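Let me begin by presenting the structure, written as structure tokens, before commenting on it.
The values are calculated or read from the model by the stated rules, or taken from the named source; none is laboratory data. As the structure is a prediction and not an experimental result, all values here were calculated from the model. Here the Cβ positions follow ideal geometry from the backbone for every residue, glycine too, while neighbour counts run over all protein chains shown. Remember, those area values only see protein heavy atoms, side chains included, never the ligands or the DNA or RNA. Shrake-Rupley method; radii C 1.70, N 1.55, O 1.52, S 1.80 Å.
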Amino acid sequence: QFTSGEGEELSSRQAKAALREAIAAEDKRHPLSDEALTLVMKEKGFPIARRTVAKYREQLNLPVARLLKE
């Protein structure tokens, strides 16, 4: 569970959905690194660690940035 600035609890399901959206919206020629995705997630209200981004990406079967590059 995550807590937003207003004290609202956010589920990992919501965080994964936000991560999927962030990855879908990125420039495929310059995909975001896990570190950059961590910052995007923080802006969306999900303060998660880079390793959590990597774990969620793996659970969602989304390849790492270097394999996404077109």
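Side notes on the structure shown:
- Thr52 exposes around 30 Å² of accessible area when a 1.4 Å probe is run over every protein chain in place.
- Neighbour net charge for Leu60 - beta-carbon separation under 12 angstrom, K R +1, D E -1: +3
- Amide H contacts of Ile48: Lys42, each under 5 Å away and 5 or more positions distant or on a separate chain (H built 1.01 Å from N in the peptide plane; Pro and chain starts excluded).
- Inter-probe distance in nm under a simple model that places probes 7 Å from Cα toward Cβ, at Lys44 and Asn61: 2.0
- Ordered from highest to lowest accessible area with the whole protein assembly present and a 1.4 Å probe, Arg57, Arg29, Arg20, Arg51 read as Arg51, Arg29, Arg20, Arg57.
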